[in-house]
1. Could you tell me how many of the residues in the stretch 115-149 are within 15 Å of residue 193 (Cβ to Cβ) and of a type in the set (Asp, Glu)?
2. In this structure, does residue 252 turn out to be farther than 22 Å from residue 163 by Cα, surrounded by 23 or more Cβ atoms within 10 Å (Cβ to Cβ) and either aliphatic (A, V, I, L, M) or in contact with a Gly (Cβ under 6 Å, 6 or more places away or on another chain) (or both)?
3. Return the pair list, or none, for Cβ contacts closer than 6 Å from residues in the stretch 57-83 that are closer than 17 Å to residue 248 by Cβ to residues that are at pLDDT below 95 and of a type in the set (D, E, K, R), at least 6 apart or on different chains.
4. Restricting to the stretch 163-200, what's the tally of residues that are exposed (fewer than 14 other Cβ atoms within 10 Å of the Cβ), under 17 Å from the mean Cα position of the chain (by Cα) and not charged (D, E, K, R)?
5. Which of the helices (runs of 4 or more DSSP H) found entirely inside the stretch 1-97 contain at least 1 residues meeting this: modelled with pLDDT under 50?
6. Sort out which residues of the stretch 124-162 are in a helix (DSSP H, G or I), within 15 Å of the ligand (Cβ to nearest atom) and small (Gly, Ala, Ser), and write them in order of number.
7. Suppose we filter the stretch 98-123 for residues that are farther than 20 Å from residue 39 by Cβ and part of a helix (DSSP H, G or I); how many remain?
8. Which residues, taken from the stretch 39-73, are touching a Gly at 6+ places or on another chain (Cβ under 6 Å) and under 12 Å from residue 97 (Cα atoms)?
Amino acid sequence: MRVNTLKRAAVAFALALPAAAVATVVAAPAAHADGCYTWKRNLYQGRSGDDVRQLQTRVAGWAGNRDIVEIDGRFGPKTAAAVKRFQAAYGLRVDGIAGPETYAKLYNLQDDDCTPRHFTFSEMDNGCGIGGWTGGPLSAAQTKQNALRTMWKLEAMRHSLGDEPLRVSSGFRSRTCNSQVGGASDSQHLYGNAADIVAGNSSLCQIARDARNRGFSGIYGPGYPDHGDHVHVDSRRENNRDNTPNTTSWSAPNCGVGTGD
Ligand code: ZN
């Protein structure tokens, strides 16, 4: 009797262990320790928090035509649509829910400093060779955050255009740098909110046209004065300041890209 009871207990214990281990793995989607950021729960419509904000920053380039994903920490229909487009673009199951599979792809795409793998803070901060994130109207931290969002949109563009390299010729500019290069006095470059892209394998017009689907509300390219050798993209709609209208401004006439297109 005693022996049998012990045996049964041992068998029960042995069975219980793997079951418990499996249950733990299933319940915790974010076992991966990422150098930048690790999500700890699934995210879907209705959820809110800083983890949503982190997700929104990374899928903002999948906003869809003429649209933007606001980085507001609230997972609404636009965030869900962007997550779906991200999932489709990378061959994942398309359900609009950010879970283990989506996070694994994001971990794979991001470097330890949170930049997407094909873009770096240093190329966004060529500031006329001055370096650093100061000398603009915003704090260095906010400026850098804007540059990060810009890079994730560019990562989406790069993937959308067939994974061909895109080169940034100008990103953040301090006021000093901006006046040196003759930038507009209220240029989005001052806010870390803009990038000038030069053509690689993709033509300037391919870049200008694709930018309309990447959450870029400012696009200037071929046919717009002084934009024959690069495409300027920016996120002016997200730049919430009283003196900037919440607007879209697109002009690359040689590519058939205008604000009404
Ligand atoms: Zn520019």
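1. Of the residues in that region, 1 qualify.
2. Considered against the rule, which asks whether it is farther than 22 Å from residue 163 by Cα, surrounded by 23 or more Cβ atoms within 10 Å (Cβ to Cβ) and either aliphatic (A, V, I, L, M) or in contact with a Gly (Cβ under 6 Å, 6 or more places away or on another chain) (or both), residue 252 comes out as yes.
3. 68/237
4. Here the count works out to 1.
5. By residue number, 2-27.
6. If the condition is that a residue be in a helix (DSSP H, G or I), within 15 Å of the ligand (Cβ to nearest atom) and small (Gly, Ala, Ser), then 127, 147 are the ones that fit.
7. Qualifying residue count for the region: 3.
8. Scanning the stretch 39-73 gives 42, 52.
The values are calculated or read from the model by the stated rules, or taken from the named source; none is laboratory data. Given the structure is predicted, the values throughout are model-derived calculations rather than measurements. In this analysis, Cβ positions are derived from the backbone assuming ideal geometry, glycine residues included, and neighbour counts consider all displayed protein chains.
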